[in-house]
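I have placed the structure first, in the form of structure tokens, so that the comments after it can refer back to it.
The values are calculated or read from the model by the stated rules, or taken from the named source; none is laboratory data. Keep in mind that this is a model prediction, so the values were computed, not measured. Here Cβ is always computed from backbone atoms with ideal geometry, including for glycine, and neighbour counts include all displayed protein chains.
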Amino acid sequence: MWRWGRGRRGRPPKNRMIWGPIQYVTFVPFDSRGLPFPGEPIYLLPDEYEALRLVYLEGLTQDDAAAKMNISRGTLWRSLDSGRRKVIQALVEKRPIIITRG
């Protein structure tokens, strides 16, 4: 019987190119009285943040953004998908967003 994935750590992660230093940033939604909404924060990783920035703010194609981050287009797509889901979840559920350093 084959033992796939047992006893090994797997492929080492590849370094991603992130523009500038990512600082610890928090976005908190407030109600009409100026009080923050309670809720568990959602953590956005630096590669998700950078993928969202390059594609949606800078207007790069996924191929160009992936080349700039030194990752494959599939990896960029997964980062975009994860980042979009987290941002939408935070907006709909009125939860804080925390951009971490990784």
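Residue-wise test of (1) polar (S, T, N, Q); (2) surrounded by 13 or more Cβ atoms within 10 Å (Cβ to Cβ); (3) closer than 21 Å to E93 by Cβ; (4) modelled with pLDDT of 90 or more.
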site: K14; (1), (2), (3), (4): no, no, no, no
site: I18; (1), (2), (3), (4): no, yes, no, no
site: T26; (1), (2), (3), (4): yes, no, yes, no
site: Y49; (1), (2), (3), (4): no, yes, yes, yes
site: L52; (1), (2), (3), (4): no, yes, yes, yes
site: L60; (1), (2), (3), (4): no, yes, no, yes
site: D63; (1), (2), (3), (4): no, no, no, yes
site: D81; (1), (2), (3), (4): no, no, yes, yes
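Scanning segment 28-47 for residues that are among the charged types (D, E, K, R) and surrounded by fewer than 16 Cβ atoms within 10 Å (Cβ to Cβ), we see that the one that is nearest to R95 (Cα to Cα) is E40.
Taken over segment 82-102, the residue count meeting the criterion of being under 12 Å from the mean Cα position of the chain (by Cα), closer than 29 Å to S32 by Cβ and in contact (Cβ under 8 Å) with a residue 24 or more places away in the chain is 7. Apart from one condition, I88 fits all of (1) part of a loop (DSSP other than H, G, I, E, B); (2) at pLDDT 95 or above; (3) loosely packed, with under 12 Cβ neighbours inside 10 Å; the exception is (1).
Under the condition of being outside any loop (DSSP other than H, G, I, E, B) and aliphatic (A, V, I, L, M), the residues counted in segment 23-49 number 3. Summed over segment 57-81, the residues that are within 22 Å of Y24 (Cβ to Cβ) and more than 11 Å from the chain's Cα centre (by Cα) give a count of 2.
Listed conditions (1) at positive phi; (2) at pLDDT 95 or above are all met by G10, apart from (2).
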